[in-house]
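**Q** Have a look at this one.
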Amino acid sequence: MDMSTDTLSFGAPLPAGSSALERLQQQGFCVLGAPELAALCGFALADCSAAFALWDDLPPDDYLKDGGHYRFRRHGSFIQSLQPAAGQAALQAVPHRAHWQPTAYNALHGGMLRWFAPLSGELQQAAFWQPLLLGLGRLFAQVRSVPQWFIEAHQFRIDTREGVGRPTPEGAHRDGVDFVAVVLIARHGIRGGETRVFELAGQRGVRFTLSEPCSVLLMDDTRVIHESTPVLPEGEASGGWRDTLVLTYRAGGFLDPKPAV
């Protein structure tokens, strides 16, 4: 696939002189720095960084089919009401459920129910948490008007103890949702981890590396595909990692297996 960085036809990842909404509408993705994300969602940047230590307590992902042991994660699901009724919370956690994707979107790990450890109560009670999820949901609803979002939240750590870690072992993909947000939490002792975003209905793509904690990549999942390159140890040390928070927003309910007929 062509890795052209033609900013005239596809656009630059960082919005220069245009809003996140304009970038999402024009090209289907954008990157916001940490101050821009905090301002968009209405939380204090210090509240986001205060939660970084919670990524030190992620259980291993036992579903990796490539035989690796480089991914650690937690998972949770929520429903955001864009016009909540009186007395109704705008964001509601749902009972813990499995993560499922069809093989059409994840050829490597699709088609199976994956039960990951739930998000901690400490994360869900963090001061930045609800403003982040709700603020992004309101932004996405300006692109595609919907009454509610079905949100899945994934805490990820990809480490290099085995020499290489793969943020997206399935390769370039869509997630089968409406919108995706990838929040960088931390990079430590690694190289690589380059983000690549491509047009779904074209040949052009851009590449860049998220490096600022609490910066975010926003994507319209109906218009682009994405991947991240493997992470490798920086120097001779092998104890590096890349932490992210991935949020997906879907209007038509959570992705679940279709019941047998």
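Just so it is clear, none of the values below were taken in a lab; they were calculated from the coordinates. Everything quoted here is computed from the prediction, not taken from an experiment. Ideal geometry is used to build each Cβ from the backbone, glycine not excepted, and the neighbour counts take in all protein chains shown.
**Q** Take the Cβ-Cβ distance between Glu162 and Ser120 as r, set R0 to 35 Å, and report the resulting FRET efficiency rounded to the nearest 0.05.
**A** 0.85
**Q** Here's something else I'd like to know. Take every Cα-Cα distance within the chain, group them into 5 Å bins from 0 onward, and report for each bin the whole-number percent of pairs it holds.
**A** P(r) over the chain, rounded to whole percents: 1, 6, 13, 18, 20, 19, 14, 7, 2, 1, 0, 0.
**Q** In addition: So if we plug the beta-carbon distance of Ala172 and Ala50 into 1/(1 + (r/R0)^6) with R0 = 30 Å, what FRET efficiency do we get, rounded to 0.05?
**A** Calculated value: 0.35.
**Q** What ranking do 177-188, 140-151, 116-127, 25-36 get when scored by the average of other Cβ atoms within 10 Å per residue, highest first?
**A** 177-188, 25-36, 140-151, 116-127
**Q** Identify which of Gly67, Gly87, Gly193 has the largest mean-square fluctuation in a Gaussian network model of the chain, with springs joining Cα atoms closer than 10 Å.
**A** Looking only at Gly67, Gly87, Gly193, the largest GNM fluctuation is found for Gly87.
**Q** OK, next. For the chain, what relative contact order do you get, as a whole percent, if you take Cα pairs closer than 8 Å and at least 6 residues apart?
**A** 27
**Q** For His69 and Gln88, calculate 0.36 nm times their separation in residues minus their Cα-Cα distance, and state this gained length in nm to one decimal.
**A** Value of the extension gain: 2.7 nm.
**Q** Starting at the first residue of the stretch 218-223, write each ³J(HN,Hα) from the Karplus equation 6.51 cos²θ - 1.76 cosθ + 1.60 with θ = phi - 60°, in whole Hz, x for Gly and Pro.
**A** 10, 9, 7, 5, 7, 10
**Q** Sticking with this structure for a sec: Divide by every residue of the chain the summed helix terms, -39500 (n - 2.57) for each DSSP H run of at least 4, and state the resulting mean residue ellipticity at 222 nm, rounded to the nearest 500 deg cm²/dmol.
**A** Computed mean residue ellipticity for the chain: -4000 deg cm²/dmol.
**Q** Next question. Just Gly135, Gly171, Gly235 to compare: in a GNM of the chain, with alpha carbon springs under 10 Å, which one fluctuates most?
**A** Highest fluctuation of the listed residues: Gly235.
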